[in-house]
Structures are given as structure tokens and as C-alpha cells.
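Since the structure comes first, as C-alpha cells, the remarks are kept for the end.
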Amino acid sequence: MLTSRTFVRRTRAGAVVKVVREHYLRDDIACGAAACRLCPPAAPGPGSGNAPGLEARPSGPASSLCPGPHFVLPDTNLLLHQIDILEDPVIKNVIVLQTVLQEVRNRSAPVYKRIRDLIQNPEKHFYSFTNEHHRETYIEQKRGETSNDRNDRAIRVAVKWYNEHLKRIEDEEKIQVVFLTNDRTNKEKALEEGITAYTCEEYIKSLTANPELVDRLACVSDEGKEIEGGKIIFPEHIPLSKLQQGIKSGIYLQGTYRASRENYLEATVWVHGDAEENKEIIVQGLKHLNRAIHEDVVAVELLAKDEWVAPSSVVLQDDGQNEEGIESEEEKENILKTSVNKDMLRPTGRVVGIIKRNWRPYCGMLSKSQIKEARRHLFTPADRRIPRIRIETRQADTLEGQRIIVAIDGWPRNSRYPNGHFVKNLGSAGDKETETEVLLLEHDVPHQAFSQAVLSFLPKMPWSITEEDMKHREDLRHLNVCSVDPPGCTDIDDALHCREMENGNLEVGVHIADVSHFIRPGNALDEESVKRGTTVYLCEKRIDMVPELLSSNLCSLRSNVDRLAFSCIWEMNHKAEILKTRFTKSIINSKASLTYAEAQMRIDSATMNDAITTSLRGLNKLAKVLKKKRIDNGALTLASPEVRFHMDSETHDPIDLQTKELKETNSMVEEFMLLANISVAQKIYDEFPEFALLRKHPAPPPSNYDILVKSAKSKNLEIKTDSAKALAESLDKAESPTFPYLNTLLRILATRCMMQAVYFCSGMDNDFHHYGLASPIYTHFTSPIRRYADIIVHRLLAVAIGADSTYPELTDKHKLAEMCKNLNYRHKMAQYAQRASVAFHTQLFFKTKGVVNEDAYILFVRKNAIVVLIPKYGLEGTVFFEEKDKPTPKLEYNSEVPSLTVEDTTLRVFDKVKVNIMLDDSNIQHQKMRMVLVEPKILGNDMPASLSAEASSKDEPEKKKKKLQK
């Protein structure tokens, strides 16, 4: 049956257009109940997205309100706000209407994705019913009826139809459909129409066998609805429509709100747009922060210039037990208002409204209320930028000392903290599995097991290369190819070969796993890989970007098996000058999987002269020439103290910690990977100037180098920073015969001055330069098993050489730019997660060590502290010279040298000192490494020279505070 809807709309040009939409109604849409013989069987499949559907005998929890067998049908707001309840394994047999699903899709993409996952989960028995195309449940919008009221009516019509329909099933016990809504009007209308309807709270509280579900109820009181009798603390938020007008007219500025990790009464708003001035606005004080939460998109109003403030250098953590103590907040705000130099003042504003909330589920711990039998408690998030959250729970005794997840529901004007609800218990704090889970969740690393939909696109085993595969590939199995990787590496992306040609030149090949052969554009496996963006390597495990069958088997270029590859082959002379370059899809058979140490041993051996060793020696010789050329060109050789943990084979706890030693072969592999990446970048850019996926490394602003230049000057060394080449050359010259480690320290410091390298689309940018590599163009081609960017580059290259066909998304520069944004975010979060993993394992290592005394070097000096690096462990930490409730020693800070004089002892950057290291686990959620200065001994200061220090590899790299250290 066909029905049509007609409406009139105005185009951008102002013309009025009549639009007629045809709408098909059908009789063959199944109700989804397994016991129903009246409907055609529901077709599971990609179209419906349905798993097995509703059970014949609903096995959900027993309800005291509705004791008989029943299905549950929620409305839109209930799905949006109570998704945590619906995800609980207890809740089953839920009907999700098309009307509801469409509204959810328009209002919240993350919730929509979670609903789709529930519908596809066969254990949950959620069924998606296409009520808008069913002849008996479709309804027209009445004249004067809002679309919201029409949708509410459509939901009630569907509930009534279901109840009538299920009555006709011949069964001893009739199944009922229970309507759940938190909308008072909709519930009243439903009851008038004879529908069984409850609020979510009424229904959940009726599940007497599952009292723990009550904790997961979201507080649905809207933001404006205040807690009875509370004193108004915050100004009202301006409505969105007025905010948008204000932003257009320039009264307000729109930006992303970034809370401070060090000071909970201060935040920065990064203003959107290209305007140079007022790019960064400081917000200080509780009322001005006005209930904004880290990463929200907010509207700010600039304050008059005489109200501008300077960024505060005070560390303030919200650790008060008084829930509503606003007076103490005002005292703390006064601490921020110290007299400052006029030059330090920055544009300052106040948050007037929220444009978009970017809340996520937060990990942390419960701070149990002191009141006996209390149900309301404060939750302290692990991320110090997030305010504490008030939740209601009956399980406080059980949850104490556990890591839990909490979601925010709203923040009323008269509440010091936002309201939220308990979502999930992760396990005991300090436990390795729990802490790893927290680390992954807090850094937004997708780490759930690959779904069946994703796994269904993997090749069927046993897999082998077919005749069809051979047709379009070059057979290179006769070549002496080998791979060189870290020990224990199973995801081998790359292999190399080198052989002499008849004309006396050398043929060098870089062979990369052909992952794009297995991951085809747009399927579930591809979508999951792009979402993950990168493999994440933690200290004791890795979170794969692609399923293990590919990462450690079919794509991995293991020795003595045939593998599909994408090869980049050069003809070079002995001066490592490229004479010819060609790219081809190929089949290879690696003759050896070596570690860096094994490859080095072969190169150095006087007795080994087999084909692989000869190939390695040729590669090594060329690599040295390539490296020299690169460095002469201005490429930087920087340093970062990388550590390697030696794990106990049974407990998997770290038993030893040492800095990684780099061999010549590390450099050899790196040179050829860089060369392949540059060759491929040039090729794909030549073919696709508008949509090549490239990688650039912007030059740092000159002010970034201040600390490096001043520190070197204090040791009578000159560092030039006007170009990468000048920097590289001055770093090479910066040697001290009496202090050999100084050069490494300078390179570590130089690394801290750098910008982040990023992916971008060539058609959306005109600055391609890679500063660190001194290359005019660069991309990532050599690691497709662990980086999604490389898969896109493989696809572009395959099209460029005619080895594969293109597809629309590949040549859409806007989609590519969007993808680059996601990949940059995923890479950044993976980096932070890896650092957090090193920090956690460092704490585990020192847990059993007691106090350890070690040599250290000063990396930075602060106003009241020094930051030191301990080379033996690659560990960084802060030694503070102020301690709570202890007299503060006399401190003199000189930002020019830079130096800090404590009493009569002057400490300068790069000075060698001795420190005691120990683990401070007094705060179980924020354990940290404590460091105390032992040498030089501070005179006239009996107390331990200091206290706590945070391990360097913490959640995020330290933000450069150059503006604060004046």
C-alpha cells in the first residue's frame, strides 16, 4: 500500500518548493515474537539488524507490578537517558520501535550505536519493529499536532497494536507489552487508553530480585529542576537559541572548555574559528566556570579588561569533604588573585551557556559519606579535570576501595557537584587487570573483543594463496627477504632485501604486509579498524587494530611461509642514490625473522657469509649513507628515555627496569622505512594531488625553544634554532668532555620543544613539510597491520599503479580530512595510554623496593620544585620544596639562568644530583613516585628536602607551561 506525504519548504535562494514523499506501507512486517504464528518469520540480516528476536517465553526478571510474562517497550527519552539500565544483562525482551530509533539517531549517535549493538546481541532479545511502515501502526500527523506529540501517539498506537496482536497467539499464558515512559503526559494518555504504563523508576524498583539495578537509574530531573530548598550557587545558563544569536553578533565566543589538571577553580576555553586574538580565554572561579565540564563546547562572555587575570601557578585539588561548602571555595578563589605583572594578564571570561555536552562514562572511586546509612555519596573521578559527582547507591560498603564507572545525569544550579548514577564496578583498585581496564577506558581506547559481524569478514581457514591472487602479483619468493624486529614481535609488517644487479647497481626492496587485500572498504572489519585507528602497545599486552588471525598470522610476514605483500623496489648505486623506483603487489617468502640483536650479530660475524647476511650487510652499508644524507639535509636526531620492563614469567609483574639500548640495525630498518614512506608519499601525491593522505610535522614556534637555549647557555653552549639544520648541527657540537651525558639531556629537552606530527589530506592543506625528518613530503606506508592510515595509503597506491579499483570515499577530501582528525586523536590517546601503562608498571616495580637511591639530572627548574630525570630507569619526577604543614625553606627562582636557590644551595638545569625514590600510595587512586633530594644537602633545612613527585610517564605529557614560568 502506498501513502504520500506532501509539504512545502523554502530553498536557500528563497524559492518555495512543494515536496511529495511516497511512503510504502506493508502487511508482512513481523512482530518479532518467537511464539507468533500469525506473522511471517522475521528476517534476521543487515537490513533489520535484528538478532533472534523476542523469546517465546520472556525470561526477563520478575516484576511485582507485572507478574505475568511481558515484553518492554520504551519511549525515546527513556532510551536516551536510561541506556545503562537497558544494557544490564538482566533486562531482556525489549521492543525498540522505528519511531524511537530514528529520534535517538538524530539526538545522540553514541546512544544509537549502543542500541544497535543491543539489537544485534542474541542474548538480549531486543527487537527492532518497523512501525512506520506497518499498515496497522503507521499514523499521519494531525493538523496542529507537533511532531513530538505525533511520535508519542505513534508509540502508543504501536503498544496497543502489540497487545491486541499478542492476544491472538494461542497460548495458555498471554504475553503483555509494558510501556515505559518518564513523560508524565504520555503516561497519563497511555493509562487513559488502557495501556499498562510505568515510569522507568517504578518498573526497575518492581524487580525485587535485582535491587542493584536501582543504582543505575539516571537522575532524570532536568537541569533546571533544583533540589528542594537548596541555595542557588550558579548563574542560569542562557538558552541555546539566544546563545547562537549572541555568537553570531559577537557578544559571546564559542569554544571548547578545557579544565585544569592542577587547579579545579581554573579552566581555559579554546575559541573556535580563525581569529588570532582571544584564541585562548581563561576562566577562574566557581561561578564563572558555571557547571561546564572538561571537553564541553561552551559559550563565553569576555570580561572587561580591568577584570582580566593571569594563569595561576597555584596547585589546588578539590579534596574537601564538605559537599556544599561554598565559603571555603571563596577563600580558595582569593588565593588565585595574587598581584601579578600586567604582562601576565590574559583574556578572561565567564561561561554563560552550554552548546554541547561532551560527557562520557568516568572511571574513579567512591568517597563514602561520613553519615551512617547514607545513600548519597561523592564519586572522585580518576581524571583530575572532572569534578566530583554525587551519586545515590545502596552498595557503598561493597564499592569502597573499588574502581567504578559513573555517568553524569545533570548539574542543577543549586548543587555544588553534578548528579550522576553508578554504571559498573571494574574491580579492586591497584589490581593489575582493573588498572589496565581503567587506563584503556580513560584514554578512550576501543578494546572490546571483535564482534561476530567483524570476524565474519575474515578469510576462512585454512587459507592459501589462489591462482586468482597470483594473476595480478609479481612472484618474488625467490628473493632473500628477511624481517628485523624487536624480540617477541608477532605482527611483522615489513621485510627487506638487497642484491647486486648485473649492471653493478643494487636492487633494494621494502616489502610491506598487504593488509588492504584482506580489509575491503566499507565492510564491518574496515569500519572497526578505522574506529580503532591504531594498535595500542601496553607494557604487558597489545590491543590489536585488526583481529589476531590477520595481525599475527595471515598478514604477518613470518619466515618460510608465502605471504601477500606490497613492495617498493629501488635501483640504487653504491652512493645510495635512487635511479629507479617501482611499486608492485607481490608474493614473498621471508627466509628469516630476526631480532635487531640477531641481525647485528650476523653483520658483525667474521664467519657468516650466507645470502641473508650478505643482504643485511648491503642494507646496513646503504643505510649509513642514507642517514648521513638525511642528517646533512637537516634531519633531527632526538632522544627520549625509553624503558623496557622484564616481566616475571608467572605473575607478569615487572622484576627489572632498564633503558632500551638501540643497535645499528634499529637505524638500518628505520632508514629504509623512511625512504619507502617518502617514495610512496611522492607517488600518491603525484597521482592524487587533492586527496593523498600525508603526514606533516610543523616547525615549533621560536618561543618553544626558550628553555633549551637558556639551559644550554648556562653550560656555555650555543643552540641555534632558526632552522632544523641549524638545530641539528648545534646539537651535534654541544659536547662536554667532562660531562658526556649532557648531549643526551639536550636532545631530550629538544624533543620536549617539538610539535606533534599529524595526518592530513593534501587537498585541505598547503604546508606539507616534515620538520623532524627535513623532508618536503611524508606519509605512513610501512605499518598497515598496526596503523589504519597506512591502509588508506596502500589503497591510494594500489589505484595509482592500477592494482585495485577506487571507491567514492577514497576520493572525497572532506571525508578523508574527517578520518585524519579521528586518526590523529586515536594516535594521541594511544601514546598517552602507553605512557600511563609505563607509569603504572614503574609503580609496581618500586612497590617492593622500599627506598631506592639513584643519580639524577635536573631537567627543569620551577618556582618551588625541580624536575629530575633518572637515566637508569628513564624515570622523570618532581622534587618539591614545599610541604603541607612544614616551614617552607627560602626559595629564589631565576627564570633567566634557569635556577632555583633553596636556602644557600643553587640548583641549575643539568646539575647532577642524588635522590631517594619511593612509591607514595597514600592516595590509592593517584599513586605516585615520591622523590627526595639527598645530594646536594640543603643547609639550614632539617626537613626532607621535599616531597612528592609524579612519575613522568603520567596520563598525559606535561603541558608546556612556558607562560607560567616567568
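Consider Met461 carefully, then state whether it is open to solvent by 60 Å² or more (accessible area, probe 1.4 Å), of a type in the set (A, V, I, L, M) and either in contact (Cβ under 8 Å) with a residue 40 or more places away in the chain or farther than 30 Å from Ile405 by Cα (or both). When the stated conditions are applied, Met461 passes them.
Applying the criterion of at least 2 residues that are open to solvent by 30 Å² or more (accessible area, probe 1.4 Å) and in contact with a strand residue (DSSP E or B) (Cβ under 7 Å, 6 or more places away or on another chain) to the strands (runs of 3 or more DSSP E) found wholly in the stretch 801-906 leaves 852-861, 891-894.
Answer yes if at least one residue in the stretch 487-507 is open to solvent by less than 30 Å² (accessible area, probe 1.4 Å), in a loop (DSSP other than H, G, I, E, B) and of a type in the set (Gly, Ala, Ser), and no otherwise. Yes, that holds for at least one residue. Inspection of the stretch 483-494 identifies no residue that is in contact with a Lys or Arg (Cβ under 9 Å, 6 or more places away or on another chain) and closer than 25 Å to Lys113 by Cα.
The residues listed here are Ala728, Ala774; of these, the one that is of a type in the set (Gly, Ala, Ser) and on the phi > 0 side of the Ramachandran plot is Ala774.
Within the stretch 688-727, being within 25 Å of Asp765 (Cβ to Cβ), among the small types (Gly, Ala, Ser) and surrounded by 14 or more Cβ atoms within 10 Å (Cβ to Cβ) holds for Ala692, Ala699, Ala724. The helices (runs of 4 or more DSSP H) found entirely in the stretch 419-485 that carry 2 or more residues being in contact with a helix residue (DSSP H, G or I) (Cβ under 8 Å, 6 or more places away or on another chain) are 432-442, 452-455. Among the residues of the stretch 473-488, the ones that are free of Cβ contacts under 8 Å to residues at least 40 places away in the same chain and closer than 17 Å to Val669 by Cβ come to 1 in all. Mind listing whichever residues of the stretch 545-600 are without any contact (Cβ under 8 Å) to a residue 60 or more places away in the chain and over 26 Å from Lys628 (Cβ atoms)? Matches in the stretch 545-600: Glu548, Asn553, Asn560, Val561, Arg563.
Only a single criterion out of (1) in contact with a Cys (Cβ under 7 Å, 6 or more places away or on another chain); (2) in a strand (DSSP E or B) is not satisfied by Ile612, namely (2). Filtering the stretch 285-314 to residues that are open to solvent by less than 20 Å² (accessible area, probe 1.4 Å), modelled with pLDDT under 90 and not aliphatic (A, V, I, L, M) leaves Gly285, Ser312. A count restricted to the stretch 543-556 and to residues that are open to solvent by less than 10 Å² (accessible area, probe 1.4 Å) and either assigned to a strand (DSSP E or B) or of a type in the set (A, V, I, L, M) (or both) stands at 4. On the basis of being of a type in the set (Ser, Thr, Tyr) and farther than 29 Å from Ala576 by Cβ, does Ser529 make the cut? Judged against the criteria, Ser529 is a match. Taking the stretch 369-398 as the range and being closer than 15 Å to Asn425 by Cα and basic (Lys, Arg) as the test, only Arg394 passes. For Val515, the conditions (1) over 20 Å from Ile801 (Cβ atoms); (2) surrounded by 23 or more Cβ atoms within 10 Å (Cβ to Cβ) all hold with the exception of (1). All conditions in (1) touching a residue at least 40 places away in the same chain (Cβ under 8 Å); (2) surrounded by 14 or more Cβ atoms within 10 Å (Cβ to Cβ) hold for Met470, with the sole exception of (2). Looking across the stretch 191-235, just one residue is modelled with pLDDT under 85, more than 36 Å from the chain's Cα centre (by Cα) and either closer than 13 Å to Leu180 by Cβ or surrounded by 13 or more Cβ atoms within 10 Å (Cβ to Cβ) (or both), and that is Gly230.
For the stretch 557-581, the candidate set comprises residues that are within 38 Å of the chain's Cα centre (by Cα) and open to solvent by 20 Å² or more (accessible area, probe 1.4 Å); within that set, the residue that is nearest to Gly504 (Cα to Cα) is Thr581.
In the condition set (1) under 30 Å from the mean Cα position of the chain (by Cα); (2) assigned to a loop (DSSP other than H, G, I, E, B); (3) farther than 30 Å from Arg795 by Cβ, Lys715 is compliant with all but (1). When the stretch 394-404 is filtered for residues that are in contact with a Lys or Arg (Cβ under 9 Å, 6 or more places away or on another chain) and surrounded by fewer than 21 Cβ atoms within 10 Å (Cβ to Cβ), the ones remaining, listed by number, are Arg394, Ala396, Asp397, Leu399, Glu400. Just one of the numbered conditions (1) assigned to a loop (DSSP other than H, G, I, E, B); (2) open to solvent by 10 Å² or more (accessible area, probe 1.4 Å) is not true of Thr137: (2).
The values are calculated or read from the model by the stated rules, or taken from the named source; none is laboratory data. Nothing here was measured: the structure is a model prediction, and the numbers come from that model. Note that each Cβ is placed from the backbone with ideal geometry, even for glycine, and that neighbours are counted across all protein chains shown. Accessible surface areas use protein heavy atoms only, side chains included; no ligands, DNA or RNA. Shrake-Rupley method; radii C 1.70, N 1.55, O 1.52, S 1.80 Å.
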